[in-house]
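Heads up: the structure comes next, in structure tokens.
Computed from the coordinates by the stated procedures, all read-outs in this text should not be read as laboratory data. As the structure is a prediction and not an experimental result, all values here were calculated from the model. Because the Cβ atoms are built from the backbone with ideal geometry, glycine has one as well, and the counts that use them run over all protein chains shown.
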Amino acid sequence: MKYQADKNGYFGVYGGAFIPELLYPNVEELKAHFTEAKEDEKFLSAFRHLLRDYVGRPTPLYFAPSLSLRYGANVYLKREDLNHTGAHKINNTIGQVLLAQRMGKSEIIAETGAGQHGVATATVCAMTGLRCKVFMGEKDMARQAPNVARMKMLGAEVLPAITGSKTLKDATNEAIRYWINNPDSYYIIGSVVGPHPYPEMVAYFQSVISEEMKKQLLEKTGFENPDMVIACVGGGSNAAGAFYHYLDEPVELIIAEAAGKGVNSGKSAATSVLGSPGVLHGSKTLLMQTKDGQVIEPYSISAGLDYPGIGPQHAHLIESNRAKVFAITDDEALDAALILSKTEGIIPALESAHALAVLEKIKFSGQTVVINLSGRGDKDLETYMNYL
Ligand SMILES: *Cc1c(COP(=O)(O)O)cnc(C)c1O
């Protein structure tokens, strides 16, 4: 079985580029430049340089003694929470901003839901001096005021999407409309979603995660491969990076998705269970939709997992049984966050807490497990305080 994209951007039956004809030139231009850039040693060395000196990579691979004892496994945490801006998203925005510069673009656009991708984009725009417009649903702007403030402080313009539900999908529509009318801007997508080549490209920029895991695990244990890698999935970029160099290895790949209040509660984002094939944000994938193809509003306590679809590569990994999925409820994630905080002294992002909660669901007998700790919990303090 092949798990990487074919030349048309298909992972099995999922992926492709379902876009308005007006966007064809933009997407073709991007594809041509990305194909060149990833073979260009100068581009790659600029990328590696910034990952090291600006982001702070390599991030540590930490052997977690208390979790290991508690669950009867050798548990390692890949510390993406220690990256500049507090999560893995910056790996991707650095890669794409360098590509935008290489393409001679002077303006970056992005859409954001909770604001995390908006902040990661505004950050790299400030660093490179490129103009930055972030589209964000009006309702999300009110809910995520601190991230709006961060983006503004970083010099970005935040544009409210005032149509529809005034949330992420409306912001995405606005960004696409702007891109059609301003083909000289560069559109940074924040996860392994969107039309080809985005899912492949974002996974490539995040693949540094598993590249480092292999080296670090070899140093620590004498083996490159753990028995299992666990990551949470919203769109799927941190998981795609954590799985990348293990896809063709005998390593179990485990996805934690957000069950919200419970898979059958009507308040959930468990796409692998509730989703069916359809087209979302320009690619064919699994998404939560009504019989008539209307997108169903997802729910999760964690803003980063509150997404109605899943990247096409993950849809393929799940359907071909290469990856196994656990649906984790809000309460299970909150419990896991408290366990990590109290026993290892690390406050995780709510998203990452979903991956940690998988430890409760498996009976271990000494396996080596790597959990991708995608982000830190500062942004979630208010939610945690309500739960304590
Ligand atoms: C955005 C985010 C996620 C979800 O996005 P993916 O593309 O699925 O990785 C997970 N963890 C953190 C900390 C995030 O900020």
(message) Let's see if you can work this out: charge +1 on each Lys and Arg Cβ, -1 on each Asp and Glu Cβ, no other charges. What is the dipole magnitude of segment 138-277 about its Cα centre, in debye to the nearest 20?
(response) 740
(request) Quick one: work out the % antiparallel among DSSP beta bridges in the chain, nearest 5. (result) 30
(message) What does the C-alpha gyration tensor say about the overall shape of segment 179-276? Classify as rounded when a/c is under 1.5, otherwise prolate if a/b is larger than b/c, or oblate.
(response) oblate
(request) Name the long-range amide H neighbours of residue 132: under 5 Å, sequence gap of 5 or more, or other chain; modelled H, no Pro or chain starts. (result) 108, 157
(request) Please list the radius of gyration and Dmax for the chain, considering alpha-carbon atoms only, with Å as the unit. (result) 19.3, 57
(message) Every cysteine in the chain with no other Cys Cβ under 4.7 Å from its Cβ, please list them in numeric order.
(response) 232
(request) Per DSSP H run of n ≥ 4, the term is -39500 (n - 2.57); total these for the chain, divide by its residue number, and report the mean residue ellipticity at 222 nm rounded to 500 deg cm²/dmol. (result) -12000 deg cm²/dmol
(request) Positive end of the charge dipole of the chain (Lys, Arg +1 and Asp, Glu -1 on Cβ, about the Cα centre): tell me which of 288, 17, 106 has its Cα farthest that way. (result) 106
(message) Spelling out what I want: for every residue of segment 329-344, take phi, set θ = phi - 60°, compute 6.51 cos²θ - 1.76 cosθ + 1.60 (Karplus), and round to whole Hz; glycine and proline get x.
(response) 7, 3, 5, 4, 5, 4, 4, 5, 5, 5, 4, 5, 4, 6, 9, 10
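Once a ≥ b ≥ c are taken as the square roots of the eigenvalues of the Cα gyration tensor of segment 244-388, is the result rounded (a/c under 1.5), prolate (a/b larger than b/c) or oblate (a/b not larger than b/c)?
oblate
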(request) With r as the distance between the Cβ atoms of residue 153 and residue 223 and R0 = 51 Å, compute the FRET efficiency 1/(1 + (r/R0)^6) and round to 0.05. (result) 0.70
(request) List, in order, the whole-Hz ³J(HN,Hα) value for each residue of segment 264-274 obtained from phi through the Karplus relation with A = 6.51, B = -1.76, C = 1.60 and θ = phi - 60°; use x for Gly and Pro. (result) 9, 8, x, 10, 8, 10, 7, 4, 5, 8, 8
(request) Search the structure for amide H atoms under 5 Å from the amide H of residue 329, placed 1.01 Å from N in the peptide plane, and list their residues when 5 or more places away or on another chain. (result) 259
(message) Let me check I've understood the local charge: for residue 157, count other residues with C-beta under 12 angstrom from its C-beta, Lys and Arg +1, Asp and Glu -1. What total comes out?
(response) +2
(request) Please name whichever of 304, 326, 276 sits farthest to the positive end of the charge dipole of segment 240-344, dipole taken about the Cα centre and charges placed at Cβ: Lys and Arg +1, Asp and Glu -1. (result) 276
(request) Scan segment 276-356 for trypsin sites (Lys or Arg not before Pro) in coil per DSSP, keeping those whose Cβ has at most 11 other Cβ atoms within 10 Å, and list them by number. (result) 291
(request) Give me the distance between the Cα centres of segment 136-177 and segment 311-388, rounded to whole Å. (result) 27
(request) Work out the length of the dipole vector of the chain about its Cα centre, built from +1 on the beta-carbon of each Lys and Arg and -1 on the beta-carbon of each Asp and Glu, and round it to the nearest 20 debye. (result) 280
(message) Below 8 Å between Cα atoms, with a sequence gap of 6+, how large is the relative contact order for segment 211-357 in percent?
(response) 23
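In the structure displayed, which of 89/361; 133/166; 166/267; 38/169 lie more than 24 Å apart, Cα to Cα? Walk me through the numbers on the way to the answer.
Details: 89/361 27 Å; 133/166 17 Å; 166/267 19 Å; 38/169 30 Å.
Flagged as over cut-off: 89/361; 38/169.
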